[in-house]
1. Residues Gln119, Gln130, Gln159: which one is at pLDDT 95 or above and either in contact with a His (Cβ under 8 Å, 6 or more places away or on another chain) or not in a helix (DSSP H, G or I) (or both)?
2. Here's a check for you: in the range 140-184, which residue that is in contact with a strand residue (DSSP E or B) (Cβ under 6 Å, 6 or more places away or on another chain) and polar (S, T, N, Q) is farthest from Trp49 (Cα to Cα)?
3. What are the residues in the range 98-116 that are of a type in the set (Ser, Thr, Tyr) and either part of a helix (DSSP H, G or I) or touching a Leu at 6+ places or on another chain (Cβ under 6 Å) (or both), if any?
4. Report yes if Leu174 is at pLDDT 95 or above, in contact with a Phe, Trp or Tyr (Cβ under 8 Å, 6 or more places away or on another chain), surrounded by 21 or more Cβ atoms within 10 Å (Cβ to Cβ) and outside any loop (DSSP other than H, G, I, E, B), otherwise no.
5. Residues of the range 45-67 being away from the ligand (no atom under 12 Å from the Cβ), in contact with a helix residue (DSSP H, G or I) (Cβ under 9 Å, 6 or more places away or on another chain) and closer than 24 Å to Asp136 by Cβ, which ones?
6. Given the conditions (1) under 24 Å from Pro133 (Cβ atoms); (2) in a helix (DSSP H, G or I); (3) not small (Gly, Ala, Ser), report the number of the one that Arg50 does not fulfil.
7. Hey, can you tell me all the residues within the range 98-110 that are surrounded by fewer than 22 Cβ atoms within 10 Å (Cβ to Cβ) and out of contact with any helix residue (DSSP H, G or I) (no Cβ under 6 Å at 6 or more places or on another chain)?
8. Would you please name the residue that is modelled with the lowest pLDDT, looking only at residues in the range 11-29 that are more than 9 Å from the ligand (Cβ to nearest atom) and either in contact with a Phe, Trp or Tyr (Cβ under 8 Å, 6 or more places away or on another chain) or closer than 20 Å to His191 by Cβ (or both)?
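The values are calculated or read from the model by the stated rules, or taken from the named source; none is laboratory data. For clarity, every value in this text was computed on a predicted model and none was experimentally measured. Positions of Cβ are generated from backbone atoms using ideal geometry, with glycine treated the same way; all protein chains shown enter the neighbour counts.
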Amino acid sequence: MSDQTRTLGSGAPNGADRRTLGSGAMFDKIAERYDLLNRVISLGIDQRWRKLAAAALDDLPGAINVLDLASGTGDLAFAVHAHRVQSDRGVGTVVGTDPSPRMLAVAQTKLAKHKDNVQSAVSFAFGDAQALPFADASFDAVTMAFGIRNVPNRAAALQEMRRVTRPGGKVVILELSEPPPGLLGAAARLHVHHVVPRVGALLSGSTEYRYLQQSIAAFPPPDEFCRQLAAAGLIVERSTALTFGACHLFVGRVPGGVM
Ligand SMILES: C[S@@+](CC[C@H](N)C(=O)[O-])C[C@H]1O[C@@H](n2cnc3c(N)ncnc32)[C@H](O)[C@@H]1O
């Protein structure tokens, strides 16, 4: 049993198979409504968070190759590409991988609507973050948005991120977090604990969406997650609280090499 499954305990949503919570199989069920759910639940702020994650790669010059894990419907992969183009930093390629065929199908449909320059630079493939089919040091950067929470063996995924990133390259992770105490934190907590599960269930028609709130609660606090990044061999450059602590941006660097 994974740590995540254990922590969820009896809080697992009614009717949901605990073994599939957070997995590609669970996201298959909500893939077609996932983007809408994201925009509504986050009040549109999720796209701003992805832009900040893309900008965290700004000190990597030139045409860089980026691997976006748990890419889902591809929004961070597209955001990374768009940011590289708009900031004139050099584009390279973005490969998005995910274990949910239906999330990837949505990503492919979105890709087909983009211009040729995006279609030639961005691609998607099936893949699990715990065992990546890529050679050591084959990317300049690895990104992951709202995915690490779903991976049963988190340590294995972090080690894989470090392995496939070249020395001097970056690992950038966005993850939702439990807002801290205080008035604004309380408002954010009310949103996460009461609004998110209800709106999620309503829009997705799926009780599995309650998993979102439970998995946020089960994720370690930022300081502890930074220790897990360091244990995987990454130098933690920063951990930034976004939107009253409802989300965190973690930026790590692989030791050695040049920026
Ligand atoms: C909340 S979505 C995030 C999608 C996208 N990154 C975004 O920014 O919207 C979480 C994704 O994690 C994927 N996932 C679940 N288990 C995974 C694993 N073991 N390895 C990689 N991705 C996984 C799911 O299939 C799902 O697409």
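1. Gln130
2. The selected residue is Thr165.
3. Within the range 98-116, the subset of a type in the set (Ser, Thr, Tyr) is 100, 109.
Across the range 98-116, the qualifying residue is only Thr109.
4. On the way: at pLDDT 95 or above: yes; in contact with a Phe, Trp or Tyr (Cβ under 8 Å, 6 or more places away or on another chain): yes; surrounded by 21 or more Cβ atoms within 10 Å (Cβ to Cβ): yes; outside any loop (DSSP other than H, G, I, E, B): yes.
Answer is yes for this residue.
5. The answer is Leu57, Ala63, Ile64, Val66.
6. (1)
7. The answer is Pro101, Ala105, Gln108, Thr109, Lys110.
8. Looking only at the range 11-29, we keep the residues that are more than 9 Å from the ligand (Cβ to nearest atom), and these are 11-21, 29.
From the residues that got through so far, the ones that are either in contact with a Phe, Trp or Tyr (Cβ under 8 Å, 6 or more places away or on another chain) or closer than 20 Å to His191 by Cβ (or both) too are 11-13, 16, 21.
Details: Gly11: 29, Ala12: 33, Pro13: 34, Ala16: 39, Leu21: 61.
Restricting to residues being more than 9 Å from the ligand (Cβ to nearest atom) and either in contact with a Phe, Trp or Tyr (Cβ under 8 Å, 6 or more places away or on another chain) or closer than 20 Å to His191 by Cβ (or both), the top hit is Gly11.
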